[in-house]
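The values are calculated or read from the model by the stated rules, or taken from the named source; none is laboratory data. Because the structure is predicted, anything quoted here is derived from the model rather than measured. Neighbour counts are summed over all protein chains in view; Cβ atoms, including those assigned to glycine, are modelled from backbone coordinates with ideal geometry. For accessibility, only protein heavy atoms count, side chains too; no ligands or nucleic acids. Shrake-Rupley method; radii C 1.70, N 1.55, O 1.52, S 1.80 Å.
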Amino acid sequence: MSLSNVDPISLPDSEHQIQLRRAVVASTIGTAIEWYDFFLYSTVTGLVFAKLFFPHSDPWVGTLEAFAIYAVGFIARPVGAAIFGHYGDRIGRKSTLIATLLLMGLATFAVALVPTYESIGIWGAVILTVLRFIQGVGVGGEWGGSVLMSMEWARNDHSRGLIASWPQFGVPCGLFLANLAVLAFSQMSGEQFLSWGWRVPFALSLILVGVGLYIRLGILETPVFSRLVAERKVERTPMLQVIKEHPKEILLSAFARMAEQAPFYIFTAFIFAYGVKTLNVSRDFLLTAVLAASVLSFVSIPLFGHLSDRIGRKTMYMIGAAVTGVFGFIYFSMLDTGSEPVIFLAIILSLIPHDMMYGPQAALIAESFTGRLRYSGASLGYQLASVIAGGPAPLIAAWLFGTFQSATAIAAYVALCAVISLIATAAMTDYTGKNISGEYRAG
């Protein structure tokens, strides 16, 4: 069937189901590739970058400097949300997703080629910062499009939580692939890991981009956007319009993510610096533990997305936020036992409270915005959290530990994030099972 001759709006049920599956697969695989790129940087930051790009700093100061560059990617994400949110609501979900994949993948490949401090001094860190910013712009535009590409193919209002959770599934897939790649080349390169082993996983991104492009070029535009085009209801300035019409929804979406995003990057990025330097466990042990945690998320993310269709999006999300607030103290208590089996178990369990929120989160946020502004609104609300939660989290955790010499301070920070999320989520409107647009249904 030629894509150019297909009208997504009037497809028969059987063909609609085929296109729904293709959209879900394309969104999930494409998102997994982009998150591989993003998490690869997260993983290597705690293991490599302080040593290679800030070699003359005190170890913890070097860690702070490396995580500061890491945070730049999160600062860039709202920029990407604004740019690609605009085009996603103007020219379509599919075209925008192809652009974000290319931008992210090429920037990640370039990281493999960055010279270290030994070669060009501080300019290595400067180049790394620029590439991290470009990565952030790419991933800032990715999430909204991938969620809408799936969710807007749904034909009824009672399965959006599950369908929208599949692009979220790309996160543990990307985390798994990133940790697997670093673990594999850590073992292959051995003592040469700092010289060349860490670079190979970044170079492999170029192959993954080719796979992602092939998949995304073979899908249709969503019925929602196709209908907006057909009826000439595409917004001329969607980003400005969504800020005017939905400021409350944007801010609440950002604050609701505090309990999900900040702890996640403590559990998956800061843990490498903390584990190696404080707990004195090996990088391969930590990589394996995070790898195992990501595999568990393969099941828990769609499970909690599905449960949100049954008990309500807000209810599921608030349960997850409450559990996260308590779990932070349990997590660091388990780590500080110094027992490798207990540390391994703590890391495996760490993503379950996160997944209780991340499964229903895509639908919770995307449902808050009308179809003609949904890419812009959902992207902006989602990515603003990167500035206040995800980006600063490892940096704040490193500073708290350096200041108080106790992980309890980090657990208290996690609990504070949970309280903020509970308040914000309580103020959101729950659209579970309801028609989510004044103009159109979600498909």
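Scanning segment 135-162 for residues that are among the acidic types (Asp, Glu) and not in a helix (DSSP H, G or I), we see that the one that is modelled with the lowest pLDDT is Asp157. Do the conditions hold for Ile98, that is, is it of a type in the set (A, V, I, L, M), farther than 30 Å from Arg21 by Cα and either touching a helix residue (DSSP H, G or I) at 6+ places or on another chain (Cβ under 9 Å) or open to solvent by 50 Å² or more (accessible area, probe 1.4 Å) (or both)? No, not satisfied. For segment 277-293, a residue qualifies if it is modelled with pLDDT of 90 or more, touching a Gly at 6+ places or on another chain (Cβ under 9 Å) and within 23 Å of Leu180 (Cβ to Cβ), and the qualifying residues are Leu279, Val281, Ser282, Phe285, Leu286, Ala289. When you look at Pro302, is it farther than 24 Å from Ala409 by Cα, of a type outside the set (Gly, Ala, Ser) and surrounded by 16 or more Cβ atoms within 10 Å (Cβ to Cβ), yes or no? Here the answer is yes, as Pro302 does meet what is asked.
Can you confirm whether Glu235 is in contact (Cβ under 8 Å) with a residue 12 or more places away in the chain, touching a helix residue (DSSP H, G or I) at 6+ places or on another chain (Cβ under 7 Å) and either aliphatic (A, V, I, L, M) or more than 29 Å from Leu180 (Cα to Cα) (or both)? Working first, answer last.
Working: in contact (Cβ under 8 Å) with a residue 12 or more places away in the chain: yes; touching a helix residue (DSSP H, G or I) at 6+ places or on another chain (Cβ under 7 Å): yes; either aliphatic (A, V, I, L, M) or more than 29 Å from Leu180 (Cα to Cα) (or both): yes.
Taking the combined requirement at face value, the residue satisfies it.
Candidates Ala378, Ala397, Ala385, Ala393: the one that is modelled with pLDDT under 95, under 19 Å from Gly305 (Cα atoms), among the small types (Gly, Ala, Ser) and crowded, with 23+ Cβ neighbours inside 10 Å is Ala378. Residue pairs whose Cβ atoms lie under 6 Å apart, separated by 6 or more positions or on different chains, with the first residue in segment 363-385 and of a type outside the set (D, E, K, R) and the second crowded, with 24+ Cβ neighbours inside 10 Å and not in a helix (DSSP H, G or I), are Gly377/Phe369; Ala378/Phe369; Ala385/Arg257. Of everything listed in (1) polar (S, T, N, Q); (2) in a helix (DSSP H, G or I); (3) free of Cβ contacts under 8 Å to residues at least 24 places away in the same chain, the single unmet condition for Ser57 is (2).
Being surrounded by fewer than 24 Cβ atoms within 10 Å (Cβ to Cβ), at pLDDT 90 or above, more than 22 Å from Phe53 (Cβ to Cβ) and not β-branched (Val, Ile, Thr) is a property that holds for Gln241. Every condition in (1) at positive phi; (2) open to solvent by 60 Å² or more (accessible area, probe 1.4 Å) is met by Ser119 except one, and the failing one is (1). Can Ile98 be described as closer than 25 Å to Ala203 by Cβ and touching a residue at least 12 places away in the same chain (Cβ under 8 Å)? Taking the combined requirement at face value, the residue satisfies it.
For the criterion of being without any contact (Cβ under 8 Å) to a residue 40 or more places away in the chain and either open to solvent by less than 10 Å² (accessible area, probe 1.4 Å) or not in a loop (DSSP other than H, G, I, E, B) (or both), Gly62 passes.
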